[in-house]
Amino acid sequence: MVHYKKFDNGLRLIVKQMPGLLSVTMGIIVKTGANIESDKEDGISHFIEHMMFKGTKKRTAFMISDEMDRIGAQMNAFTGKDVTCYYAKSTTAHAGEAFDILSDLFLNSTFPEEEMAREKKVIVEEINMNEDTPDDLCLDMLSKAFYGEKGYGRNILGPRENVLGFTKSSVDEYMKARYTADNIVISMAGNIDISYAEKLCEKYFSCLPQSKCDERKVEINLCGKSLFKTKDIEQVHIGLAYPSVSRFDKYTDATLILNSILGGSMSSRLFQKVREELGLAYTVYSYLSAYDECGSLIVYAGVNSKNYLKSVEAIYDCINAVKNKNISEEEFVRGKEQLTASQVFAQESTSSQMLLYGRELINKDSVYNFEERIKNISKVTLNDVYDAIDLNFSNNGKAAALVGKTNEPLNL
């Protein structure tokens, strides 16, 4: 059973009951992230997410983690390009206690100066780690090559100088604009009573005033650049990005099936040719990165530096074969079954369901319908996939990134 409620202050609650389980995952999702940050704010969504765990009016940072551990619960958070999520997973018996702690850090964090100074150093080290992780660096550069310096092209972590310059005042200003009741969804999935879930939200979140989120338009400016960074490492990391469909486009499912055929599975063209047949890569795959306004189809590979041009050629061979609509009925059916199965598997995880229902509500303002989703996938035809091919792989807006022993970018 799925239950939805909108409270008087604009806060929305979605509950996916999974009565056969003994646990529940509870998430607080805010529709804010790197995509709407200004140059001055770049990195602040991620900084706030870190700081939320550093103490409230009644709990120290240690007390937050200690009290969660005492009830055997798990708690974490993440910042994305367009959402920030704080979540906890607990046994059903301890759901109320876990939600009390989660709500406390979300609503009552104090951002003490000494903790801010300490956490800035931690995030700078996270930035350093990202730059020392070539696959992450390659994909970050690819976003910048595709979208530019703003919007979805921003690195979630932000630049060091911004992180070091954030103040309590800048945090308060951003949260006042974005952490508003109408911009927050509480999503719960698992074995939890609906009336109890409503009472928890009313108890802790009725204090949020009715206010309007500071709406900002996401800047979309496809750059179509090719970037590179020379690093003395064993592999060259390759990233390609093509303009693709948005999150709720009518061809999104067809594109997901197309992606499965190209590089989304072990039976895919890229995996079988680049890794299995030619032995050029350990890791090679593709995926659809879709947002509300836009999307990209991305190919990534980590290959030996001596063979990277040969690897690029093999990747393009796979892409060109797909572009020519050289797809068999067997490949299409396999890709369709993989997409269907991924939806079914997600039904068995409270964490996946919490995010699935929460994201659908906060991004589309609608309740996710599993049966309808499966039905829509079943309706996709091979001709739909052919139509999706026409929407992907355009060289107009295509971007590339290289990290490794190379002194020049890929030719687009």
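The values are calculated or read from the model by the stated rules, or taken from the named source; none is laboratory data. Small disclaimer: the values here were computed from a predicted structure and weren't measured. So basically every Cβ, Gly included, is an ideal-geometry build from the backbone, and we count neighbours across all protein chains shown. The protein model used for the area step is the full one, side chains on, heavy atoms only, and it has no ligands, DNA or RNA in it. Shrake-Rupley method; radii C 1.70, N 1.55, O 1.52, S 1.80 Å.
Data table
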| quantity | calculated |
| --- | --- |
| Cα gyration tensor, segment 215-279 - rounded (a/c under 1.5), prolate or oblate | oblate |
| Unit charges on C-beta of K, R, D, E only; dipole of the chain, Debye | 320 |
| Fraction of accessible area attributable to carbon and sulfur, segment 317-361 (%, probe 1.4 Å) | 50 |
| Normalised convex hull volume, segment 121-205, alpha-carbon set, Å³ per residue | 179 |
| Neighbour cut-off at most 16 other Cβ (10 Å), DSSP loop, GluC sites (Glu not before Pro), segment 358-408 | none |
| Heavy-atom surface of the chain, accessible at 1.4 Å and reported per residue (Å²) | 45 |
| Within the accessible area of segment 17-82 (1.4 Å probe), percent carbon and sulfur | 54 |
| Value at 222 nm in deg cm²/dmol, rounded to 500, when DSSP H runs of n ≥ 4 in the chain each add -39,500 (n - 2.57) | -13000 deg cm²/dmol |
| Segment 88-227 - charge dipole about Cα centre, Lys and Arg +1 at Cβ, Asp and Glu -1, debye rounded to 20 | 460 |
| 0 to 90° range, to nearest 10: angle between helix 168-178 axis and the chain longest Cα axis | 80 |
| Folded to 0 to 90 degrees: helix 134-147 orientation relative to the chain principal axis, Cα | 90 |
| Non-local Lys pairs in segment 174-290, i.e. 8 or more apart or on different chains, that have alpha carbons under 27 Å apart | 11 |
| Sulfur and carbon atoms: percent of accessible area, segment 178-218 [1.4 Å] | 49 |
| Euclidean distance between Cα centres, segment 333-412 to segment 22-42, Å | 21 |
| Exposure rule at most 16 other beta-carbon atoms within 10 Å, DSSP loop trypsin sites (Lys or Arg not before Pro): the chain longest free segment | 59-211 |
| Using distinct alpha-carbon pairs, which all enter the 1/r mean, Kirkwood radius of segment 1-152 in Å | 17.5 |
| Top positive-direction residue, dipole computed over the chain with Cβ charges, set L102, Y287, V122 | Y287 |
| Read-out Cα extents along the principal axes in Å, derived from the coordinates shown; its label in (1) 81, 46, 33; (2) 60, 48, 38; (3) 62, 47, 45 | (2) |
| Space enclosed by the convex hull of the alpha-carbon atoms of segment 359-412, per residue, Å³ | 177 |
| Counted charge near E219, where neighbours are those whose Cβ lies closer than 15 Å (Asp, Glu -1; Lys, Arg +1) | -2 |
| Helix 350-364 vs. the chain, principal-axis angle (Cα, 0 to 90°, nearest 10) | 90 |
| For the chain: relative contact order, % (alpha-carbon pairs under 8 angstrom, 6 or more apart) | 23 |
